[in-house]
């Protein structure tokens, strides 16, 4: 452990895949910056992962540009560098064009799409300096159309965003990975599945796989499903 250890910023870090990735990164020697709206679990996770020297809690609503700017500024002030940004924050909605509220749609689209774009915008200057890595949370639903799913529409947008970022950053040394998991056992889902699904640790392992490749290798997309998932 040293002050030269790489730094990863994770949005949506207070639970689920974000928290699992923070733990996996910490075990791999990363210092971590944890961004989320829920401050209590965020602070607990930061203490678990080593406190101020190793983990920084950054209360942040990803749909607010000024809050994302402040989070990145806090990371650079505390750790002096940013090597990886994982735009993980997101949530879903009830399927069907008549089965959820327009207000929930708006919040979801702002978080899943606009929030991810703001994370990219806020972190790319620091990532360029480190020849770092931008990871965007997609979904199988961003590769296959789900009937009546506005969530699926948001993840199709993130799929395009990852390729747009990859092309813009080509030649800069910054790598871009779209992570597209199938069904995961996280607080995201309310109903149980009738087969064994991915765990947050499984998805975190995919993130760490992409990061561990040599600089000449850019894993542009990881599409990972439970073995029993048909969709």
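Readers should treat all values here as calculations from the given coordinates under stated rules, not as data from a laboratory. Since this is a predicted model, take the numbers as computed values, not measurements. No Cβ is skipped: glycine too gets one built from the backbone with ideal geometry, and neighbour counts run over all protein chains shown.
Numbers at a glance
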| quantity | calculated |
| --- | --- |
| Nearest 10 degrees, 0 to 90: helix 150-169 Cα axis against the chain principal axis | 40 degrees |
| Cα→Cβ-extended label distance, 7 Å offset, between residue 209 and residue 230, nm | 2.5 nm |
| Nearest-ten-degree value, helix 16-27 long axis tilted from longest Cα axis of the chain | 30 degrees |
| Among 151, 195, 114: highest mean-square fluctuation, GNM of the chain, C-alpha pairs under 10 Å | 195 |
| In degrees, nearest ten, helix 116-130 long axis to first principal axis of the chain (Cα) | 30 degrees |
| Over segment 7-224, relative contact order from alpha-carbon pairs under 8 Å, at least 6 apart, % | 20 percent |
| Taking N as its residue count, the alpha carbon Rg of segment 31-144 over 2.2 N^0.38 Å | 1.15 |
| Label-point separation, residue 97 to residue 128 (7 Å along Cα→Cβ), nm | 4.1 nm |
| Within a Gaussian network of the chain (alpha carbon springs, distance under 10 Å), most fluctuating of 52, 181, 102 | 102 |
| Candidates 72, 84, 40: whichever shows maximal mean-square fluctuation once the chain is modelled as a Gaussian network with Cα springs under 10 Å | 40 |
| Expected-Rg normalisation [2.2 N^0.38 Å, Cα atoms] applied to the chain | 0.96 |
| Diffusion coefficient, µm² s⁻¹, Stokes-Einstein with Kirkwood Rh over alpha-carbon pairs of segment 105-197 at 25 °C and 0.890 mPa s | 171 µm²/s |
